[in-house]
Structures are given as structure tokens and as C-alpha cells.
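Worksheet: one structure, shown below.
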Amino acid sequence: MKYPENWDQLPRHERKKLRKALKRQEQQKIARVANIQAWVIRGVVAVALTAGGYFWWTNRSVLPPTNFTGHIEQSPESHILDKPMSILIQKHMIEHADGEGPPGVVINYNCEDFECEPELIEELADIANQYPEFVYVAPFPGMTKKLAITRFKKIETFDSFDKEALIRFIE
């Protein structure tokens, strides 16, 4: 607190009043600084959370399921689909193909975000036709890999077509 130059000449009650006013000003200044610090901390936390969320969102893996938790008892209309297979149906196929057979295998491809060879879908269909009782093929737009093959608790991903590796996974 800084007292005025004429402090000694002021009457006692005026000095008391002035001391209280100066103390109140000092407390208000401290409160303003604390308030500014709190907002700065909130801002830093908000920026960090936003940056972390953005980083997570842009670097997350989007892959097909490998478990059947939350599946629905429904089979796809075909073993070779030209439209994406619902995640819930994929989970059901992983549990048991066609709703009653052995555990299924699903081959997903993403030709929207990756450049696919013209014959890729045909080659995947040929593989599925070799195992018509439990292998499915379907597009999976938004997947972070070009190809993924799944079965219960297992997944293998590919950046290019590898027929031998796909067949090894199936068998």
C-alpha cells in the first residue's frame, strides 16, 4: 500500500478510512489478477483439449470389428456385396456365418480413399466363392486401410492385394 504524502497530517479517522480503501483496492487488484490467471488456464486447457481431440480424430484407425458384441441376428443378402455391410451384421457373421454355420470371415475393401486395381473386387469375389459357406466381401468406405480381413478376435490389413495372405488367413 502506498500512502499519500500528507498521511501524517490527516486525522486518525481519515487515515483509518484511507487505509481500508487502499486495502480494498489491493484486494481487488489481486482478485483481478487471479481471475485473469484462471481464464488463461482455462484457455490453455481448452486449446490443449481441442488440439488433442483433433489429433486423435485425424490419426485414429477406422477398421472393421473383430468381436460380435452388440451384433444383430441378421445375415447379409449375399456373400459378395457392392454396398457396405452394417457393422452389426459383420459382427454377426464373425460369430457364425449365415446365422448358424461356423464363424465367418469378412473381407472389407476401401476403394473410395485408396486407388484400387480394376480387377480387385473380382479377385476378392473369387476368393469368397472358394469358401461360400463362411467368407463375405463388402466395401468399407472410410476405413483407414485399403483391405482388411477379419474373423473373431483377429484382423489383418493390407495396402495392396495379396491373394496368398488372404487365403492363409481364411484357412
Based on the inverse mean of 1/r over its pairs of different Cα atoms, what is the Kirkwood hydrodynamic radius of the chain, in Å? 20.8
Note: ILE41 to ALA21 extended length (0.36 nm per residue) minus current alpha-carbon separation gives 4.2 nm
For region 155-171, 3J(HN,Hα) per residue [Karplus equation, 6.51 cos²θ - 1.76 cosθ + 1.60, θ = phi - 60°, Hz, x = Gly/Pro]: 8, 9, 10, 9, 9, 8, 5, 9, 4, 5, 5, 5, 5, 4, 5, 5, 7
Considering only the chain, percent of DSSP beta bridges that pair antiparallel, nearest 5: 60
Show me, bin by bin at 5 Å from 0, the whole-percent P(r) of region 7-59 based on Cα pairs. 4, 18, 11, 12, 9, 8, 9, 6, 7, 5, 4, 4, 2, 2, 0
Would you kindly derive the ³J(HN,Hα) couplings of region 145-150 from the backbone phi angles with the Karplus curve 6.51 cos²θ - 1.76 cosθ + 1.60 (θ = phi - 60°), listing them in order in whole Hz, with x for Gly and Pro? 10, 6, 9, 9, 10, 10
The chain - percent relative contact order, Cα under 8 Å, separation 6 or more: 20
Using alpha-carbon positions, the gyration tensor of region 87-170 gives root eigenvalues a ≥ b ≥ c; with a/c under 1.5 called rounded, otherwise prolate if a/b exceeds b/c, else oblate, the class is prolate
So, in nm, how far is label GLU77 from label ARG32 when the simple model puts each one 7 Å beyond its Cα toward the Cβ? 7.0
Distance violations [Cα-Cα > 18 Å] among LYS91/LYS153; LYS91/LYS154; LYS2/LYS29; LYS2/LYS23: none
Multiplying the sequence separation of LYS154 and PHE55 by 0.36 nm and subtracting their Cα-Cα distance, what value in nm do you get? 33.0 nm
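The numbers here are math on the coordinates, done by the rules we state, and not lab data. Everything quoted here is computed from the prediction, not taken from an experiment. When we count neighbours, we look across all protein chains shown, and the Cβ atoms used for this are built from the backbone with ideal geometry, even at glycine.
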